[in-house]
Amino acid sequence: MRSFGALILVLLLAGPLIGAAPVRAMPSSPAPHALEDELPPLKVEIDRAKVDLEKHRLEVKMSREAKSVRIKVLGESTKVLAEEEHDFAGAPAGKALVVTWKPSSDEKVARIEVYGYDAHGYYAGVAITPWSVFIPHRDVNFETDSAVIRDSEKAKLEDSYGKITSAIEKHKELGNIALFIAGHTDTVGTPTHNFELSRKRARSIAGWFRKRGLTIQVYFEGFGESALLVKTEDEVDEPRNRRADYILAIEPPRFKTSGSVPAWKKL
């Protein structure tokens with residue numbers, strides 16, 4: 001493998017199944033205090049694999065019989081793009097509740113807050129931050145079977161460093177932004193070898209950014225030939241598949257197909 005760089009197609013930036021610590025259940029209208037003690041804890045969960053930003057919909061589950069769900073969607077500018085309440089009166093505990101919203105503009109979604117109200121007048125809330133930015137960059141060329149960054153390639157990384165820091169400054173109000181670096185290879189060599197090589201190269205790039213002065217948290221992982229940009233047969237030397245992705249996000253990227261979170265390594 002000699003080089004890698006481009007955009008990953010199989011990752012959808014997202015976050016944990018429950019994107020934030022739940023809000024303590026509180027009454028939205030007067031209710032006997034003893035009632036809350038008798039009920040099981042009220043929990044609200046967002047199925048992160050069912051969040052569809054393009055179709056403006058997600059699925060919520062509540063641990064008690066539902067009454068309604070309120071959703072608040074904020075954009076990159078922190079402007080409220082939508083704030084709506086949906087009636088789910090009578091929906092049993094554990095039922096998947098489909099919640100939609102109509103955004104006021106096409107601004108990129110940064111944060112979604114969801115509050116579930118139960119049949120007894122109590123509520124609990126949860127939030128996710130599906131915001132992410134892919135950093136365009138020039139390919140870093142490595143020597144065959146090597147993860148050492150050559151001096152001739154450092155100008156490319158310097159250019160990427162400038163784009164990364166600029167994006168961080170622009171979006172710093174969104175929260176604790178992290179950099180995720182995903183390494184990929186073509187199909188020349190064994191899958192096991194390519195996986196390890198792509199991880200080593202991703203780590204080399206992550207380490208270079210850290211030494212350069214990047215202060216945010218940096219994560220890396222290798223994907224070998226498992227996420228080909230261009231589908232090929234085995235043992236095909238395809239330069240476009242030898243690449244890395246630089247992703248800024250607040251929540252760890254997920255696989256688009258399964259919704260699972262890759263085993264990102266902390267630098």
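The values are calculated or read from the model by the stated rules, or taken from the named source; none is laboratory data. Just so it is clear, the structure is predicted and the values come from calculations on it, not from any experiment. A quick note on method: Cβ atoms are made from the backbone with ideal geometry, for glycine too, and the neighbour counts reach across all protein chains shown.
Annotations
- Meets criteria (surrounded by fewer than 21 Cβ atoms within 10 Å (Cβ to Cβ), in contact (Cβ under 8 Å) with a residue 40 or more places away in the chain and assigned to a strand (DSSP E or B)) for Glu173: no
- Scanning segment 217-245 for residues that are touching a Gly at 6+ places or on another chain (Cβ under 9 Å) and within 26 Å of Ile112 (Cβ to Cβ) turns up Val218, Glu221, Asp245.
- The number of residues in segment 227-260 being of a type in the set (A, V, I, L, M) and surrounded by fewer than 17 Cβ atoms within 10 Å (Cβ to Cβ) comes to 2.
- Condition check for Arg240: assigned by TED's automatic domain parsing to the domain that holds Gly183, under 17 Å from Val140 (Cα atoms) and modelled with pLDDT of 95 or more: no
- Number of the exception - Thr78 against (1) at pLDDT below 95; (2) of a type in the set (Val, Ile, Thr); (3) touching a Gly at 6+ places or on another chain (Cβ under 7 Å): (3)
- Within segment 179-224, being of a type in the set (A, V, I, L, M), surrounded by fewer than 20 Cβ atoms within 10 Å (Cβ to Cβ) and in contact with a Phe, Trp or Tyr (Cβ under 8 Å, 6 or more places away or on another chain) holds for one residue alone: Leu214.
- Every residue from segment 170-223 that is of a type in the set (Gly, Ala, Ser) and farther than 30 Å from Thr78 by Cβ: Gly183, Gly189, Ser198, Ala202, Ser204, Gly207, Gly222
- Any hit, segment 195-216, residues being touching a Leu at 6+ places or on another chain (Cβ under 8 Å), touching a residue at least 12 places away in the same chain (Cβ under 8 Å) and either in a loop (DSSP other than H, G, I, E, B) or closer than 16 Å to Thr144 by Cβ (or both): yes
- Among the strands (runs of 3 or more DSSP E) confined to segment 46-164, the ones with at least 1 residues that are over 17 Å from the mean Cα position of the chain (by Cα), touching a residue at least 24 places away in the same chain (Cβ under 8 Å) and surrounded by 15 or more Cβ atoms within 10 Å (Cβ to Cβ) are located at 57-62, 66-75, 80-87, 97-100, 109-118, 122-128.
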